[in-house]
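Note sheet for the following structure.
The values are calculated or read from the model by the stated rules, or taken from the named source; none is laboratory data. Because the structure is a prediction, the values reported are computed rather than measured. Don't worry about glycine lacking a Cβ; one is built from the backbone with ideal geometry, like all the others, and counts go over all protein chains shown. Just the protein is used for accessible areas: all its heavy atoms, side chains included, with ligands, DNA and RNA removed. Shrake-Rupley method; radii C 1.70, N 1.55, O 1.52, S 1.80 Å.
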Amino acid sequence: MAVISSRKQSRRSPDEFPTVQLFLLAIVRLAEPIALTSIFPYAWALVKQFHLGSEQDASFYAGFLISSFSLCEAAMGMYWGGLSDKIGRKPVLLFGCLGTTLSLLLVGFSSNIWMALVGRAIGGLLNGNIGVIQTMVAEMVTNPEHEPRAYSVMPFVWSIGTIIGPAIGGSFANPRESFPDVFPDSSLFTTFPYLLPNLLCAGLLLVSILLGYFLLEETHPDMQPRMMMPDSTYVSEETPLNQTSDAMKRAAVDLRAENYGSFQKHGESCDEEPVWREKSKPAESIFKNKKIVALIVALSIFTYHSMTYDHLLPIFFEDKRAPGFVSSARLSPFYAPGGLGLSVRDVGAIMAVNGIIALFVQAIIFPIAAKWIGVFRLFIVVTVLHPVAYLLVPFLLQVPESMLYPAIYFCLSVRNMLSILLYPLLLILIKEVTPSSTVLGKVNGLAASAGAACRMIAPPIAGYLYTLGTRLDCTAIAWYGSAFTAVAGAVQCFFVKRAQAPDTSAERGTVGDD
C-alpha cells in the first residue's frame, strides 16, 4: 500500500541537466577572469608609469603586480572552501564577488605601485570563488553522463571573461589618449588613466552579484530547502508504514552519497553508508590520498605554465621590435630580440579574439573529444602535447609582417586546443577521486589554493626570464622556460591514476588510495 504524504514538489529532478542554475552560476563566475585578465593589456604600461627602475625591469614588476592577486588567493583558498562547507556555498561566492569589486576600484584609483599591489592583494584575499564554484558544479550535477557537458561550462565562462576583461582593459585604458574628444584634460581619467576599465568591470560584477543573490540557489546538501530535494527523499511506495515517521532518516535516496539519484537496496539502512564510500574524515586525510595529491600537482603544473603564457603574451606583443632586426636574416632559436611592437589596443583586440577561439574549443571541441577519446586518455594526450604551444610563440618574430596576424591566431588556436581542454578534464578527475561529498569543498579549496600559488609565482619568474632574455637578445628564453615546465607536467601525468568507478551492480569496493 502506498504511503500518502503531503509534500512539496521538487523544482528539478536530480537526473535533469541544471541548465538555469548553471547559467546563473556562470554569470557570477565571470568575476575572477574579468578581474584577473582586464589588467593584462595595460599592466606593463601601468608599471612603467610608476617609474620603477629601468624600462627593461617593467616586465618583472608587472609580474609582481599580477601575481599579488594569486598570492593572497592561494593563502585563503582552502579557508574559503572549508567555510563554504559550514555556512553554505552561496554566501562565500557572493562575498568573493564583492571583494573583487573592491579590488578593481583600488587598482583604478592607484597613484603608486603600492596602492595597486594592495588593491590586487585584497581581491585575492576576499576571493575564494574557484574552489567554491567547482564544488557547486559538482553538487548540481548528479548524473555522471552530464559531467563533461557541465564541467565545460565554467571554463567556457572563463573564456568569455578572457574576452571581456582584456577587451575592456585594452580599449578603455588611458581614455584621454584613445578618446580625446570625450575625455578632456580636466577629467578624472586624466589623473587616473586606468580607472575607466576598472569601473566598467566593477559594474559588470555588481550585476552578477544582484542576479546571484536573488536567483542562484544554495547547493550545499545540508542547506537546501525541502522543496529542492527529490520527492522520494521524504516518502516512497517501497517505504514501510512503520518507517513513515522516519522517512527522512531512511530515505529511498541518499542525497549525500556519491551515487546520488540511485535507490538503496531493500532493507539497506542509510545510517550505514556503502563500503566503497569513505565516511567524512578530517582535512588531513586529503593529503594522504595519493590520487588527489597527484591530480592537484598536475593542476598546479598546468596552472603555472598557463599563467606564464597569459602574462608573457601581452608583454611580448607590446615590446618594441629590435632596431634593424630583419626576420629572415638570422633564423635561430637563440636569437629573438625584442617583441612584436604592437599597441595596447591591438593587444586588447587580439586577446578578445583569443577568447572567442577559446569559446569555440570549449563549446564544440571539448564535449566531442571527451566523448570520443575519453576523459582520462584525453587528459594524457593534451598534457603531453602542451610544450608545443610555448615553443611556437618566439618564431612569430620570424614571420613576415603581412602574415603576422594569421600566424598569431594560429599560435593562439594551438594553445587553446590544449589548455582549454585540459582544465575541465582535471576538474572531472578531481571529483572522481574525492572520497566523500562532505570534504568536496576542502578538496576543491586545496586545489584552488595550489593553483593560485602557482599563478602567484608564475608572472615574476616569467617576467624575470623575459628581462634576462631582453638583455641577451633572446626573449624566447621566457617561452622556453614555460615549455620546460610543460614537459615536466607531461612526465608527471603518467603518475596520475584514475579512480575506478564503483560497480553498482555488484558489491562495491573501496574508493581510496592505491
* Carbon + sulfur, % of accessible area of region 405-493 - ligands and nucleic acids excluded, 1.4 Å -> 79
* To do: Along Cα→Cβ, 7 Å out, is where each label goes; now give me the distance between the ones at Ala363 and Tyr79 in nm to one decimal.
  => 3.9
* To do: Provide the per residue accessible area, probe 1.4 Å, for region 49-95, rounded to a whole number of square angstrom.
  => 41
* **region 203-221-region 34-112 distance, computed between alpha-carbon centres (Å)** => 21
* To do: Pull up all non-local amide H partners of Gly128: gap of 5 or more, or a different chain, and H-to-H distance under 5 Å with H placed in the peptide plane.
  => Gly96
* Each residue of region 352-368 in order: what ³J(HN,Hα) in whole Hz does its phi give by Karplus 6.51 cos²θ - 1.76 cosθ + 1.60, θ = phi - 60°, with x for Gly and Pro? -> 5, 4, 4, x, 5, 4, 5, 4, 4, 4, 5, 7, 9, 7, 4, x, 5
* Asked: So for region 407-471, what are the equivalent ellipsoid semi-axes in whole Å, largest first, each being the square root of 5 times an eigenvalue of the Cα gyration tensor?
  -> 32, 19, 6
* Structure fact -> Once the mean of 1/r over all distinct C-alpha pairs in region 341-419 is inverted, the Kirkwood radius in Å reads 13.9
* Structure fact -> Residues whose built amide H sits under 5 Å from the amide H of Arg321, excluding neighbours closer than 5 in sequence, are Gly339, Gly341
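Would you mind calculating the gained length between Leu211 and Lys320 on full extension (0.36 nm times residue separation, minus the Cα-Cα distance), in nm to one decimal?
Taking Leu211 through Lys320 to full extension adds about 34.9 nm, to one decimal.
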* Over all alpha-carbon pairs of region 21-141, lay out the pair-distance distribution in 5 Å bins, whole %, shortest bin first. => 2, 12, 21, 21, 16, 11, 8, 5, 3, 1, 0
* **Whole-Å distance, taken between Cα centres, linking region 438-478 and region 131-152** => 27
* Structure fact -> Nearest-0.05 FRET efficiency for Val20 and Asp57 at R0 = 35 Å, using Cβ-Cβ distance, is 0.10
* By per-residue mean of other Cβ atoms within 10 Å, what is the highest-first order of 478-485, 402-409? -> 478-485, 402-409
* Structure fact -> Residues meeting the amide H criterion for Ala336 (H placed from the backbone, H to H distance under 5 Å, 5 or more places apart or on another chain) are Cys474, Thr475, Ala476
* Output the pairs from Lys288/Lys371; Lys86/Lys497; Lys290/Lys442 with a Cα-Cα distance over 21 Å in this structure; if there are none, say none. => Lys288/Lys371; Lys86/Lys497
